[in-house]
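> First, the structure itself, so that you have it in front of you.
The values are calculated or read from the model by the stated rules, or taken from the named source; none is laboratory data. Everything quoted here is computed from the prediction, not taken from an experiment. FYI the Cβ positions are ideal-geometry reconstructions off the backbone, even for glycines, and counts take in every protein chain you see.
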Amino acid sequence: MAFHSGFVCILGRPNAGKSTLLNALVGQKLAIVSPKPQTTRNRILGIVQVPKQKGRPAGQIVLLDTPGVHQPDSSLGRKMMSEVRGALEGCNLLLLIVDVTRKFAPSDQFVLDIARKSGTPVFLLLNKIDLIARKDKLLPLIEAYRGLYDFKQIIPLSARKKVGLDVLLDHVVTALPKGVPYFPEDQITDQPLRFMVAELIREQVLFATSEEVPHATTVVVEQFEEGARLTRIAATIYCERDGQKRILVGKQGQMLKTIGTTARQHIEKMVGTRVYLELFVKVRPDWRESHAFVEDLDWRRQLERLAGPG
């Protein structure tokens, strides 16, 4: 049986479970997850090696997690939707993931229209079935979606509980074209550690703060020095208002210390060494509206800058 490989884009509304699905399929945490909408701001690549089984070919699935599909109202929002469109280009398969606990809304239609316009085969994933007491309620939902679009597969699952993922992998790898691996067998992502560290810090900001603060913050790693026993990291948390900075720093620096301590513990698990983490908070008014600043947050551009001329 021939080897199958290809690129698969995960598409959906904010908080549908895209990043949870990516992490579950890859088997490691590549994308940060929080209850806050639009936690994911960049497309994140995860590589799944699928072993050969009876009735299923071996293969390599290159997954692309995307920001939640929304109507953008800022430079940051437009950049996020640009990441979605970029992920759709050249994909072999689309996984449209929906939260079965939420009623179909105009925003769902907006996502469906994007999927339709892509011209790519689409699997519909009915996520969070663990939150439905009566599974027979899924049947009318499946029929309703069947009437909206000609999905190649409709698969109920729970990304959080890892229910239905084997069925999903079987169908995905079989649907991909015959080919060769795109990445080495031991590689699980193309993300640099610097970007993943920045995201882990931002994840703790999302958990620790509320209201406007989580959406008005971003993190840039200014220094990243890897040693055999100690990794030194300095990072800046940018926000838009002095009041947001006061919240992030907290009384006598307590909030920043809490964010830093928890982030450091997660980073240490990822890099495999002790970590010395310094955090700073800076105000950059209305940074989400600054096209240049938002573009500079792209880790690919940051790497180019670090590499220097030539």
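> Among the residues of the range 258-295, count how many are in contact with a helix residue (DSSP H, G or I) (Cβ under 7 Å, 6 or more places away or on another chain) and part of a helix (DSSP H, G or I).
15
> Would you be able to tell me the number of residues in the range 1-19 that are small (Gly, Ala, Ser) and assigned to a loop (DSSP other than H, G, I, E, B)?
Residues that pass the stated criteria total 3.
> For the range 106-158, give me each residue that is under 19 Å from Pro14 (Cα atoms) and β-branched (Val, Ile, Thr).
Val111, Ile114, Val122, Ile129, listed by residue number.
> Follow-up question, since we're still on this one. Which residues, counting only those in the range 185-225, are part of a strand (DSSP E or B) and either at pLDDT below 95 or closer than 30 Å to Gly243 by Cα (or both)?
Residues satisfying the conditions are Thr218, Val219, Val220, Val221, Glu222, Gln223, Phe224.
> So which residues in the range 59-94 are closer than 30 Å to Thr174 by Cβ and in contact with a His (Cβ under 7 Å, 6 or more places away or on another chain)?
Correct list: Gly59 only.
> If you go through the range 183-190 one residue at a time, do you hit one that is among the acidic types (Asp, Glu), surrounded by fewer than 19 Cβ atoms within 10 Å (Cβ to Cβ) and more than 30 Å from Val8 (Cα to Cα)?
First, pick out the residues of the range 183-190 that are among the acidic types (Asp, Glu): 185-186, 190.
In the following step, the residues that additionally are surrounded by fewer than 19 Cβ atoms within 10 Å (Cβ to Cβ) were identified as 185-186, 190.
Among the residues that remain, those that are also more than 30 Å from Val8 (Cα to Cα) are: none.
The answer is no, given that none of the residues of the range 183-190 is among the acidic types (Asp, Glu), surrounded by fewer than 19 Cβ atoms within 10 Å (Cβ to Cβ) and more than 30 Å from Val8 (Cα to Cα).
> Taking Arg85 as meeting all but one of (1) touching a Lys or Arg at 6+ places or on another chain (Cβ under 6 Å); (2) in a helix (DSSP H, G or I), write down the number of the exception.
Only one criterion is unmet by Arg85, namely (1).
> Sticking with this structure for a sec: Can you name the condition, by its number, that Ala175 falls short on among (1) modelled with pLDDT under 95; (2) of a type in the set (Gly, Ala, Ser); (3) surrounded by 15 or more Cβ atoms within 10 Å (Cβ to Cβ)?
(1)
> A further question on this structure: Answer yes or no: is there a residue in the range 125-143 that is surrounded by 19 or more Cβ atoms within 10 Å (Cβ to Cβ), charged (D, E, K, R), more than 15 Å from the chain's Cα centre (by Cα) and more than 25 Å from Ala292 (Cβ to Cβ).
There is at least one residue in the range 125-143 that is surrounded by 19 or more Cβ atoms within 10 Å (Cβ to Cβ), charged (D, E, K, R), more than 15 Å from the chain's Cα centre (by Cα) and more than 25 Å from Ala292 (Cβ to Cβ).
> Does the range 295-304 contain any residue that is aliphatic (A, V, I, L, M) and modelled with pLDDT under 95?
Of all residues in the range 295-304, those aliphatic (A, V, I, L, M) come to 297, 303.
So of that shortlist, the ones also modelled with pLDDT under 95 come out as 297, 303.
Yes, the range 295-304 contains at least one residue that is aliphatic (A, V, I, L, M) and modelled with pLDDT under 95.
> When you look at Val122, is it touching a residue at least 12 places away in the same chain (Cβ under 8 Å) and crowded, with 19+ Cβ neighbours inside 10 Å, yes or no?
It is true that Val122 is touching a residue at least 12 places away in the same chain (Cβ under 8 Å) and crowded, with 19+ Cβ neighbours inside 10 Å.
> Any chance you could count how many residues in the range 1-58 are of a type in the set (Val, Ile, Thr) and closer than 16 Å to Val180 by Cβ?
Residues that pass the stated criteria total 3.
> Hey, another quick one. Select, from Leu25, Leu11, the only residue that is among the hydrophobic types (A, V, I, L, M, F, W, C), modelled with pLDDT of 95 or more, in the same structural domain as Arg160 (by TED's automatic domain parsing) and more than 22 Å from Gly77 (Cα to Cα). Lay out the reasoning, then the answer.
Working: Leu11 fails: more than 22 Å from Gly77 (Cα to Cα).
Criteria check complete, one pass: Leu25.
> In the range 48-82, what residues are touching a Lys or Arg at 6+ places or on another chain (Cβ under 9 Å) and outside any loop (DSSP other than H, G, I, E, B)? Break it down stepwise before answering.
Narrowing the range 48-82 to residues touching a Lys or Arg at 6+ places or on another chain (Cβ under 9 Å): 50, 57-59, 64-70, 72, 74-77, 79-80.
Residues satisfying the conditions are Val50, Gly59, Leu64, Asp65, Ser75, Leu76, Gly77, Lys79, Met80.
> Quick check on Leu148: is it in the same structural domain as Pro51 (by TED's automatic domain parsing), closer than 21 Å to Val100 by Cβ, of a type outside the set (Ser, Thr, Tyr) and part of a helix (DSSP H, G or I)?
no
> Right, something else. What are the residues in the range 296-310 that are in a helix (DSSP H, G or I), of a type outside the set (D, E, K, R) and within 25 Å of the chain's Cα centre (by Cα), if any?
The answer is Trp299, Gln302, Leu303, Leu306.
> May I pose another question? I'd like the residue in the range 59-96 that is of a type outside the set (Ser, Thr, Tyr) and surrounded by fewer than 17 Cβ atoms within 10 Å (Cβ to Cβ) and, out of all such residues, is farthest from the chain's Cα centre (by Cα).
Only one residue fits best here, namely Asp73.
> Among what's in the range 25-58 and is of a type in the set (Gly, Ala, Ser) and surrounded by fewer than 22 Cβ atoms within 10 Å (Cβ to Cβ), pick the residue that is nearest to Phe195 (Cα to Cα).
Ser34
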